[in-house]
1. Hey, any hits in the range 56-78 for a residue that's β-branched (Val, Ile, Thr) and closer than 21 Å to Trp192 by Cβ?
2. Taking the condition among the small types (Gly, Ala, Ser) and either in contact (Cβ under 8 Å) with a residue 60 or more places away in the chain or in contact with a His (Cβ under 9 Å, 6 or more places away or on another chain) (or both), does Ser38 pass?
3. Give Asn64, Asn42, Asn46 a once-over and let me know the one that is crowded, with 20+ Cβ neighbours inside 10 Å and on the phi > 0 side of the Ramachandran plot.
4. Answer yes or no as to whether Phe362 is among the hydrophobic types (A, V, I, L, M, F, W, C), exposed (fewer than 15 other Cβ atoms within 10 Å of the Cβ) and not assigned by TED's automatic domain parsing to the domain that holds Tyr567.
5. Across the range 230-252, what is the number of residues that are assigned to a helix (DSSP H, G or I) and exposed (fewer than 14 other Cβ atoms within 10 Å of the Cβ)?
6. For the range 109-119, check the following and say yes or no: at least one residue is of a type in the set (Lys, Arg), in contact with an Asp or Glu (Cβ under 9 Å, 6 or more places away or on another chain) and not in a helix (DSSP H, G or I).
7. Taking the residues in the range 166-194 that are modelled with pLDDT of 95 or more and among the aromatic types (Phe, Trp, Tyr) as candidates, determine which candidate is farthest from Val236 (Cα to Cα).
8. Inside the range 1-25, can you point out the residues that are modelled with pLDDT of 85 or more and either of a type in the set (Ser, Thr, Tyr) or not in a helix (DSSP H, G or I) (or both)?
Amino acid sequence: MKSYWTIVLIALLVLAAALRLWDFGSPWTDDPRGWGGSFYGNIARNYLEFGYAETKAAPVRSVNPPDAGHFEYYLDHPPMTGWLVSLSFRVFGYCEWAARLVSVLCSMGGLILLFLIFRRFWKPKVVLIAMALAAVAPMAVFYGSFVDVQGPIPFFFILLAFFLYLRFDEKRMWGRWLLVLAAFFLATLSDWPAYYLVPVILVHHFFSRREEGRKWRVLLLPAVALAVIALFVLYVNWVQYGEASFDINQMVGWFMHRAVSTAHEGSGESYNVFGWLGKIIQNLRLMFTLPVLVLAATGALFYFVKIIARERDRGDGVLAALLAIGLMHIVIFQQGAYVHPFWGYYLYPAIALLVALCIVRFGEALLTRVSAVRAIFYLAITLAACAASTLQDVNLQRTQSSADYARLGGTLKDYVSPRTLILAEEKLPDFWNYRFAFYIANQMEYAKPCAPNLQVSDSHKEGVVFLMNMENPGDPVMSNFKTAVQEYAVKHDSNRMRVAAAFAVDVAGMWPALGEAGVAPPHDIKVDYSGWRINVSWQHDESQKVKRFNIYARFDAQIFYTDASDYFTFSGNGEAAMRYDLRAPVTIIVTAVDEDGRETGFAEEARISP
């Protein structure tokens, strides 16, 4: 590649890095992707606080648990993301940018690997246009600093393994093949999309070579994949149940939920094929922009016409492989792609290539000037259009609406005694709470939400703070929280806060007070599950004195009950129902609230299985 192309490439990488460093150190509460960073940041913190041996090197999602008995594991994914973030925390300390650094480095490393792959099979003008798109496409930029098991971290290892395979395909030496297997193993530790490499590499190898050129050693790849899956099953059962076994029910449940369920998480509402397709197109249009998708579709048409006409070249198989990796993740895990737009991240290399091939083909048909001028023209219009759309989309997705929550966490950390248990009543999604908890995790234990049946352990003898009325960040109680806490601390000459009207309740006498409602708890609670509906019924002898009923739910892997009242439709005769895709046993309790707003405690439990 000529020197001026090298300068352009370096400029593209600098631009890509600058875009991915957007709001690099901002609080998780300012970032719509912050739930991932705070969640895995908390997991990484637990690795460092307790050690890899005590956590069994498994992701512990509990916020500042007092001991191993309070560990709640998150075993839906392999553990590489938490490991890498913990290493960054060990070097740079607990901060947002240290967690984002891992993703940004993987994102930039992925771009470099893409360049090394592209330049082996395509002309410089195609390579630079594709790199321009990969550098500034909204999907690649916005999620280039996203801390999660989906996105730049696993994709770096996938691209590394694929690049090493292409080197092996050129010169088939055992040393190069062992490097492929090593990179593939690292990819499997990152997340499930790594396994797409197995069919992709096998198909590419056996269809791109004549029989005499095939190497049967590539069949070691599926053997390694099966061995890693078996080891992961043993590992998950050992961590979860203390006994290594090949019981795959839990993993099959995860797979089936993401692959075949048609229920949107949270609401439980179902979608059909057309609804799914519309949502996927909408996500891709937002994160790649409509002009880019149109050019990519046109490039795909050119590609298929060329294949049908048998005008193939060496790059066709590589393009097909990259396209297959991105499409498989969306098609196989339909529910996950519907719920999470970033599951389309793995498509950005193929889309960038298709657009570049389309632009070059049109340019060669319309322009006759010197190739260097022509390529610079293609590059300029592509880069300008995509950079503008990238900045627009990134700005649209930013938010400052919840900055008060970061200050709230810092205030609690300053004014509340260590080893205090923080409980939140607010009905916000679980991922939000990790954003808040990140700022108090190394001092206090946090759980969301509280439940009447919760018992405060001896490890919480320093106290419990009960947070309420937190839905509105603009609430004057929230905005003046620090002042209010200081005033209460001075007034009571203690770090323990007595009852405060809107936001906090002290632990002293708190739990007995929950059971002092003017009505008795409901009884004869019954739960059944049929037709994708959870039906709950109960009896109450003084229903005329009850202001409302609340329903709490707890899955086996959870320590605390979750307030599920908003998801149920209540009937006037002691019944409630909700539409839900039940995948694991759940325990239900129903409480009563009297006219003064006091809630009954220690309610009767009812258990239901799928």
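The values are calculated or read from the model by the stated rules, or taken from the named source; none is laboratory data. Owing to the predicted nature of the structure, the values given are computational and were not obtained by experimental measurement. Here Cβ is always computed from backbone atoms with ideal geometry, including for glycine, and neighbour counts include all displayed protein chains.
1. Of all residues in the range 56-78, those β-branched (Val, Ile, Thr) come to 60, 63.
Restricting the remaining residues to those that are closer than 21 Å to Trp192 by Cβ gives 60.
Yes - at least one qualifying residue is present in the range 56-78.
2. So Ser38 passes the test.
3. Values: Asn42 fails: on the phi > 0 side of the Ramachandran plot; Asn46 fails: on the phi > 0 side of the Ramachandran plot.
Answer to the selection: Asn64.
4. Details: among the hydrophobic types (A, V, I, L, M, F, W, C): yes; exposed (fewer than 15 other Cβ atoms within 10 Å of the Cβ): no; not assigned by TED's automatic domain parsing to the domain that holds Tyr567: yes.
So Phe362 fails the test.
5. Just the residues of the range 230-252 that are assigned to a helix (DSSP H, G or I), to begin with: 230-241, 249-252.
Of the ones still in play, those that are also exposed (fewer than 14 other Cβ atoms within 10 Å of the Cβ) are 230-231, 241, 249, 252.
Looking only at that region, the number is 5.
6. Taking the range 109-119 first, the residues of a type in the set (Lys, Arg) are 119.
Checking which are in contact with an Asp or Glu (Cβ under 9 Å, 6 or more places away or on another chain) leaves us with none.
Among the residues of the range 109-119, not one is of a type in the set (Lys, Arg), in contact with an Asp or Glu (Cβ under 9 Å, 6 or more places away or on another chain) and not in a helix (DSSP H, G or I), which makes the answer no.
7. Filtering the range 166-194 for residues that are modelled with pLDDT of 95 or more and among the aromatic types (Phe, Trp, Tyr), the one farthest from Val236 (Cα to Cα) comes out as Phe184.
8. Start the filter on the range 1-25 by keeping residues that are modelled with pLDDT of 85 or more, which leaves 10-21, 24-25.
Leu21, Phe24, Gly25 - these are the residues of the range 1-25 that are modelled with pLDDT of 85 or more and either of a type in the set (Ser, Thr, Tyr) or not in a helix (DSSP H, G or I) (or both).
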